[in-house]
Ligand code: 5GP
């Protein structure tokens with residue numbers, strides 16, 4: 001196969017299933033690399049430094065902003081998150097497919113820099129279902145969860161900006177849909 005590198009940006013309101021999707025893709029395909037974001041939020045129990053995120057403090061984050069190291073950064077639910085320029089440039093140089101899992105505002109900024117990026121909006125079946133999933137995940141306090149749900153409502157309004165919209169109802173179907181999108185996009189670049 002002669003694919004040259006490109007970007008796939010998975011975006012969605014928090015709790016819509018982005019993590020399951022990108023982890024599945026990374027397990028299934030060898031030509032993908034994950035763009036590991038930097039964040040100021042605390043590390044969750046099941047997360048690994050340098051795999052899920054790079055965890056840094058606000059001062060370090062601000063220094064990276066000053067040095068222009070982010071292609072985009074955003075304040076999400078009160079914490080800072082940013083995508084490192086260098087990781088993306090290096091990934092594309094290696095002719096790999098670079099996968100990003102970031103929020104809606106960040107995805108829109110990446111699209112401006114890379115208009116050819118394949119953007120996929122993962123939509124929860126409903127806000128009620130999203131709330132259920134967030135509660136089940138149980139990684140946020142009640143207060144944090146309220147913020148995430150409010151932001152989700154906002155983010156849903158932007159879904160038409162993205163090339164593909166996938167409703168994440170039954171996870172197996174969602175994974176199949178995303179695999180089909182990948183196959184199609186690879187085919188278009190052959
Ligand atoms: P979480 O704290 O649940 O891991 O992530 C919260 C939100 O921040 C999610 O929507 C996640 O996709 C988003 N996010 C993670 N990394 C980045 C990033 O580098 N930039 C932006 N804009 N959002 C990010």
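Just so you know, all these numbers are worked out from the coordinates, no wet-lab data involved. Note that the structure is a prediction, hence the values are computed from the model and not measured. Neighbour counts run over all protein chains shown; Cβ positions are idealised from the backbone, glycine included.
Values as computed for the structure displayed
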quantity	calculated
Model label zone, residue 45; criterion: amide N under 17 Å from point 7 Å along Cα-to-beta-carbon; scope the stretch 123-158	134-142
For 101, 37, 160, order by how many other beta-carbon atoms lie within 10 Å, fewest first	160, 37, 101
Per-pair calculated FRET efficiency, R0 = 22 Å: residue 157 and residue 19 via Cβ, rounded to 0.05	0.45
DSSP-defined beta bridges in the stretch 6-188 - what % are antiparallel, rounded to 5	30
Packing-based exposure ordering (other Cβ within 10 Å, fewest first) of 11, 20	20, 11
Global geometry of the chain, whether rounded, prolate or oblate, following the gyration tensor of its Cα atoms and the 1.5 cut on a/c	oblate
Dimensions in Å of the stretch 21-133 - Rg and Dmax from alpha carbons	14.7, 42
Gain on full stretching of the segment that runs from residue 136 to residue 31 - 0.36 nm per residue minus C-alpha separation	34.5 nm
Computed [θ] at 222 nm, helices only, for the chain once each DSSP H run of length n ≥ 4 contributes -39500 (n - 2.57)	-13500 deg cm²/dmol
